[in-house]
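Report on one structure; see the data block that follows.
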Amino acid sequence: MHFTIRHHTHYRYSKPVRLSPQRLRFHPRDDGAQRIIDHQLNITPTPLGRNEHLDLEGNRVAQIWFEDESDHFDIEVTMQVETLRRNAFDFILAPEAAVLPIDHEHDLICARAYLERIEPDDSVTAFAAELSLAVKRDTLSFLDRLNRHLFAEFTQTHRDTGAPQSPAFTLQSRCGACRDLAVLYVDCCRAEGIAARFASGYQKGHLQSERRHLHAWPEVYLPGAGWRGFDPTHGEAVADTHVTIAAAAHSRDTMPVSGIFIGEGASSTLDYTVEIDVSED
């Protein structure tokens, strides 16, 4: 699929403020699942300096800093991306990945951050174990069952702002935004010995929707297959319908904008627009 995405982010301040160095994550990944055709990032006011680099998890980051105060901060990004993976299961699992828990003996140093549970809770552990035992600990069957269960049994909501809920809260309430379901899915996978991470970007979704948003979903590392996405908001494995911007062990490291402003008594407002056009190849 061919995606054309326009994402405009607008911060307004009640009076001029000084912006700290900001970290922007608006550049798509370029890997075996997607190819960048064009990408343009415009920032107002014009930064004094700009540093493009990769973070520890391979995400493209633009670090920017400013000289003068400003009462606004605007980020306009336009990108064209081709998604390449038509079959979400075009792989052969390594033998050690077929049954849970996955043996990460040979890649434990790299995988450790994606196996560590941030907020372990007995209820989530028991929930994941029940689903795993129901499919006799078959890895792919567990991932599919968990994905479909969260889609069918949980109520999907939307929140413009705020950190993800804890996995235990989402499990108890049976309700959450895409980022909440992603965090719960990741925690269930880690409880069963699957390296998992939080991914953020855009999805094809309903192209006629009046308002589009960033989207979040989990990715799991499967020896023999690499990182693979599952989307519990839709109950489907990820193929060519998603454009990944950033992925990390912790959701905070995928935030599109990270930074603060300094100004005594100043307040801020945030507005954004996302436009997504998709054409079939």
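Annotation for the range 138-219: GluC sites (Glu not before Pro) lying in DSSP loop with at most 15 further Cβ atoms inside 10 Å of their Cβ are Glu210. First check a/c for the chain, with a ≥ b ≥ c the square roots of the eigenvalues of its C-alpha gyration tensor; if it is under 1.5, answer rounded, and if not, answer prolate when a/b is larger than b/c or oblate otherwise. In terms of gyration-tensor shape, prolate. The mean sequence distance of close C-alpha pairs (under 8 Å, at least 6 residues apart), as a share of the length of the chain, puts its relative contact order at 30 percent. State whether the range 65-114 is rounded, prolate or oblate according to the following rule on the C-alpha gyration tensor (a ≥ b ≥ c being the square roots of its eigenvalues): a/c under 1.5 gives rounded; otherwise a/b larger than b/c gives prolate, and the remaining case gives oblate. In terms of gyration-tensor shape, oblate. For the chain, the longest principal axis of the alpha carbon atoms and the long axis of helix 139-153 meet at an angle near 60°.
Paramagnetic label reach from Glu153 (point 7 Å along Cα→Cβ; backbone nitrogen cut-off under 14 Å): within the range 125-139, residues 125-135. Using 1/(1 + (r/R0)^6) with R0 = 51 angstrom and r between the beta carbons of His72 and Ala134, what's the FRET efficiency to the nearest 0.05? After rounding, the FRET efficiency stands at 0.45.
Relative to one another, the C-alpha centroids of the range 132-200 and the range 1-48 are positioned 28 Å apart.
Spacing of the modelled spin labels on Glu264 and Glu82, each 7 Å from Cα toward Cβ, amounts to 5.7 nm. Relative to the longest principal axis of the Cα atoms of the chain, the long axis of helix 122-134 lies at roughly 50 degrees.
Nonpolar atom fraction for the range 173-252, defined as the carbon and sulfur part of the 1.4 Å probe accessible area, stands at 46 percent.
Measuring only protein heavy atoms, the 1.4 Å probe finds Met255 accessible over about 90 Å².
The values are calculated or read from the model by the stated rules, or taken from the named source; none is laboratory data. The structure displayed is predicted, hence computed values, not measured ones. So basically every Cβ, Gly included, is an ideal-geometry build from the backbone, and we count neighbours across all protein chains shown. Ligands, DNA and RNA are excluded from the accessible area calculation, which covers all protein heavy atoms including side chains. Shrake-Rupley method; radii C 1.70, N 1.55, O 1.52, S 1.80 Å.
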